[in-house]
Structure formats: structure tokens, C-alpha cells
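**Q** Below you'll find the structure I mean.
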Amino acid sequence: MSYIKNVATLEYTEEKCTGCGMCAAVCPHDVFQVTGGKAKITDKDKCMECGACMINCPEGALRVNKGVGCAYAVIISKIKGRDTISCDCGGDDTQAQSCCGGGGSGSSCCC
Amino acid sequence: MDAVTDKLDGRWGIKDYIGTVMCLLGIRRKFYKQNPGLYSIGNPDSKSPVFVTANYKYSADVLRRALKNTDAWILVIDTKGINVWCAAGKGTFGTAEIISRVNKTGLKDTVSHRTLILPQLGAPGVKPAEVRKNTGFSVKYGPVEADDIPQFIKNGFTADRKMRTKQFRIPERLAVSLTHMVQGLLPTAAIALFFVLVDFLFSLKGNSGVTGFLSINISASLGALLGGTLIAGALLPLLPGRAFSIKGFFISILFALFFFQKISSYSSPLFTLYTGGKILILAGWIVYLVLNLTGSSTYTSLSGVKKETAISLPLVAAGSFAGLAMIITGGILL
């Protein structure tokens, strides 16, 4: 399954890469491949902007506008006039939305 | 300092199954938590591996089920009862909580090694370098699915490419769309009630042309809910388009064709206008429901969702207003 093309904000600065492989280890969609001591982006359209590679890269070679790929979060953030898009789940006093309860695997979302 | 709190059992009891189903249905999910702390499974010693998980009880449950034949430590961190991936996105499954939980539980004195095994989907919230600096423990990522952990251990604690890739297979798609269906019940009932009310209002004019469709109002509304959740979830990869709203649009076309054919025998132009308005509203509801499945899918990006929401939501709104206008016009003139 692949999502909308040419929208992912993933940016990679190859000069900073030391080939440690952390990005490939954390990416849930197999976007990176490390060959010859450097990481390569194999298919940018598979990126879901979860931000795992960015925070785990020790060299700061990866940048992405990380966020939740959730229409409900986009709509609710717009209605509430928030600058950053977030869902309402995750706090003690807020109603957990469907995504965050998790389905079959208990981890079916990115919010 | 918390002592080792409890021994966990790898087997699931009836309560665990009931709790899981209730969570899927959205009942009492907020209270489905495991107390944070250090747990043991099997008979671990100081050399046994340490697996970290969230305090959403289901997350801890699938981990202990996967470890049922393993001697290990389980460190449950406080993610406010939210699953690993969601909590990692928010940072609650994250560096700070891991550091504080490792230190609070005295893990350093319990084990002699210095490795924490984290679920891979926890990665968006974790900076391994900071965890090591503040606890002495280095972070190793396990597989995406806890069920792959026995194989991960067999492979010498390495996750291969398949284990690292998040899928979105039919059982999971059905599970999450079931949750969406339950959440969509109330608004769907409101739409059906609105249809029944307008039928009643317009029948007061003495025109019986719009009465007698109670069951169609209800079945069409429920059909839309089913189409926008379970059917969309089941057929997701088969539906055309990449955007969820386009996939939803195809379902809504099939839905509209089906119900138009159902009412065609009653047809008069005004009746078609009146009923067409209802179908248009439900078609918009389907697109909205499928668009909302993005939040429970495992591969949609924020940039993509923003793009398709900006295009599809105004269309859904316009369609619904047009539908409303058609109902009113048709109803008055009938």
C-alpha cells in the first residue's frame, strides 16, 4: 500500500551521514538502505513522517516535518486554531481517539 | 525506589480477552492500564534481557504473551495508558520517561548488562544517546510486532527487514475500522433521525409520497456507516486511488448506485430529487468516514493527509449542503 506521492517532507544531508544504520533500523517503512558506508533513500513516497529517523540519527543528517497522518487531528487542530497538528489522545484528561487505542496490533497509528 | 513489583504470566486469561475486545469497541479504554514499573516473566536473572513497553495494558499484554517461553525483565513505562506508537509520536513513550523509570526501578542493580530492548515503533520518541548518557543503558530496537520477538531472539537479537516493516493487514484493518464504526454510530443515528423527521414533516402536507420509507432511511444510514468503516477497511488496498478520500469516493458511488436502483420503482422527478438529497448526504458521510481512517492506518503522512483533507473536506461540505437543498426543495414541491 502506498500513499499520496511527492508530499513527504523528508530531507537528507548525505555529507553528515556516517553510515551507522540507525535510520534503517527505526524506519517502519523500509525507506533507507545503507550501502558503502552511506544511507540512501530508496523510496521517499513511503515515508509517513513519523520522525523516528530524525530523532535517532546521531549526526542530524535527517529532517522531516514530523506529525500525525490523521485527518481527525488535522481537522480538530484547524477548528481549535492550533499551530501544531496533534490529536486529542495521550493525556489523562482527554478522550482517547480511535487511533490511539490501537487495534489488532495495539499500535495502529502514529499519533 | 520501587522494588520488583510483580511476576507476569505469558498466558492470557479471559479478562485479557474481554479487555481487548472492550478496547476495540472503545469502552473504558482510558482505564485500560498496567501499572508502570519493573516486572519479571519466567525466571530471569541478572543476565536476562530487559524489554520496555507502554502502560497501555494491551501493549504490555502482547509483550508478555510473546515472552511466555522466555526468562526476561519487562519495564513498563508511564505513557498515560496510550500504546507505544501513538505515545512515541507525542514523546510520552520517550527519552525522559525511560530515563526516570530506569532510575526509579533500580534496574542497574537488578541486571548486570546495560542494554534496553525497545519496541521499534517507540523510536519516534527516543534519543538513544541521551538514554545512555543518563542511565548507562544503551538502546536496542526490537521488531515492530511483539509476536516476532521469539524469532528476534533466535536471530541473536537482530530484527530483519521484514520484522522492521509495519504492515497493515486485514485483521488489523478490520479491528481499527470496527472501532471507527462504533464511534460513527451516534452521528449516523443522528443523520437517520433527521431523514425520518423530514419525511414526517413533509408527510404532514397530506402527501403520502414520502412516508413509508422508515426502514430505507435506517438501512441506508447504516449501510453508509458500514461502507465508510468495515467495508473500506477490508477493501482498502483494492480500492482505486492513493488518497483515502478517493477510495471513499468510490465506495460512495457504489452506495449511491445501489440505493438509487432500490428506489427507482417509486420514481418521479421530485421524489428522485428528494431521495437523491439524502443519498448525497450519506455519500459525503462515507467519504468523511474513510478520510478519517487515515488516523488508524499505518502508512499515511501528515503532509499527505493535509493535502487530501484540504481538497476533499470542502467538497464533502458542499455536497451535504446541496443534498440538504435537494431534500427541502423536493419535499416542498412533492
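The values are calculated or read from the model by the stated rules, or taken from the named source; none is laboratory data. The model shown is predicted, which means the values in this text are computed figures rather than measured ones. Glycine gets a Cβ as well: all are built from the backbone with ideal geometry, and neighbour counts include every protein chain shown. The area values use the complete protein model at the heavy-atom level, side chains included, leaving out ligands, DNA and RNA. Shrake-Rupley method; radii C 1.70, N 1.55, O 1.52, S 1.80 Å.
**Q** Inspect all residues belonging to segment B:256-263 and state whether any of them is assigned by TED's automatic domain parsing to the domain that holds B:THR329, buried (at least 22 other Cβ atoms within 10 Å of the Cβ) and among the charged types (D, E, K, R).
**A** no
**Q** Can you tell which of B:GLY212, B:GLY233, B:GLY206, B:GLY241 is at pLDDT 95 or above, in the same structural domain as B:GLY323 (by TED's automatic domain parsing) and not in a helix (DSSP H, G or I)?
**A** B:GLY241
**Q** A further question on this structure: How many of the residues making up segment B:130-145 are assigned to a helix (DSSP H, G or I) and away from chain A (no Cβ under 14 Å)?
**A** Residues flagged as assigned to a helix (DSSP H, G or I) and away from chain A (no Cβ under 14 Å) within segment B:130-145 amount to 2.
**Q** Can I ask one more? Can you pull out the residues in segment A:47-79 that are in a helix (DSSP H, G or I), at pLDDT below 95 and open to solvent by less than 20 Å² (accessible area, probe 1.4 Å)?
**A** Result: A:ALA71, A:ALA73, A:VAL74, A:SER77.
**Q** Across segment B:39-72, which residue is surrounded by the most Cβ atoms within 10 Å (Cβ to Cβ) among those that are within 20 Å of B:GLY125 (Cβ to Cβ) and more than 24 Å from the chain's Cα centre (by Cα)?
**A** B:PHE51
**Q** Of everything in segment A:1-31, what is outside any loop (DSSP other than H, G, I, E, B) and either touching a Phe, Trp or Tyr at 6+ places or on another chain (Cβ under 8 Å) or surrounded by fewer than 19 Cβ atoms within 10 Å (Cβ to Cβ) (or both)? Give them in sequence order.
**A** A:GLU11, A:GLU14, A:GLU15, A:LYS16, A:CYS23, A:ALA24, A:ALA25, A:VAL26 - these are the residues of segment A:1-31 that are outside any loop (DSSP other than H, G, I, E, B) and either touching a Phe, Trp or Tyr at 6+ places or on another chain (Cβ under 8 Å) or surrounded by fewer than 19 Cβ atoms within 10 Å (Cβ to Cβ) (or both).
**Q** Looking at segment B:298-313 only, could you name the residues that are more than 20 Å from B:ALA224 (Cβ to Cβ) and more than 7 Å from chain A (Cβ to nearest Cβ)?
**A** B:ALA310, B:ILE311
**Q** A follow-up question, please. Got at least one residue in segment B:146-160 being part of a loop (DSSP other than H, G, I, E, B), in contact with a helix residue (DSSP H, G or I) (Cβ under 9 Å, 6 or more places away or on another chain), facing another protein chain (nearest Cβ under 8 Å) and open to solvent by 50 Å² or more (accessible area, probe 1.4 Å)?
**A** The answer is no, given that none of the residues of segment B:146-160 is part of a loop (DSSP other than H, G, I, E, B), in contact with a helix residue (DSSP H, G or I) (Cβ under 9 Å, 6 or more places away or on another chain), facing another protein chain (nearest Cβ under 8 Å) and open to solvent by 50 Å² or more (accessible area, probe 1.4 Å).
**Q** At the interface with another protein chain (Cβ under 10 Å from one of its Cβ atoms), within 24 Å of B:PRO128 (Cα to Cα) and modelled with pLDDT under 95: which single residue out of A:CYS89, A:CYS111 fits that description?
**A** The unique qualifying residue is A:CYS111.
**Q** Checking A:VAL34 against (1) open to solvent by less than 20 Å² (accessible area, probe 1.4 Å); (2) part of a strand (DSSP E or B); (3) aliphatic (A, V, I, L, M): exactly one of these is not met. Which one?
**A** So A:VAL34 meets the others, but not (1).
**Q** Any residue that is away from chain A (no Cβ under 14 Å) and outside any helix (DSSP H, G or I) - is there at least one of those in segment B:266-282?
**A** yes
**Q** Taking segment B:294-319 as the region of interest, how many residues are acidic (Asp, Glu) and more than 15 Å from A:ASN6 (Cβ to Cβ)?
**A** Of the residues in segment B:294-319, 0 are acidic (Asp, Glu) and more than 15 Å from A:ASN6 (Cβ to Cβ).
**Q** Another question, if that's okay. Residues in segment B:171-180: is at least one open to solvent by 50 Å² or more (accessible area, probe 1.4 Å), free of Cβ contacts under 8 Å to residues at least 24 places away in the same chain, at the interface with chain A (Cβ under 8 Å from one of its Cβ atoms) and under 18 Å from the mean Cα position of the chain (by Cα)?
**A** Yes, some residue in segment B:171-180 is open to solvent by 50 Å² or more (accessible area, probe 1.4 Å), free of Cβ contacts under 8 Å to residues at least 24 places away in the same chain, at the interface with chain A (Cβ under 8 Å from one of its Cβ atoms) and under 18 Å from the mean Cα position of the chain (by Cα).
**Q** Then there is this: Is it fair to say B:ALA325 is assigned by TED's automatic domain parsing to the domain that holds B:GLY223, open to solvent by 40 Å² or more (accessible area, probe 1.4 Å) and either closer than 30 Å to B:LEU121 by Cα or small (Gly, Ala, Ser) (or both)?
**A** Spelling it out, B:ALA325 is indeed assigned by TED's automatic domain parsing to the domain that holds B:GLY223, open to solvent by 40 Å² or more (accessible area, probe 1.4 Å) and either closer than 30 Å to B:LEU121 by Cα or small (Gly, Ala, Ser) (or both).
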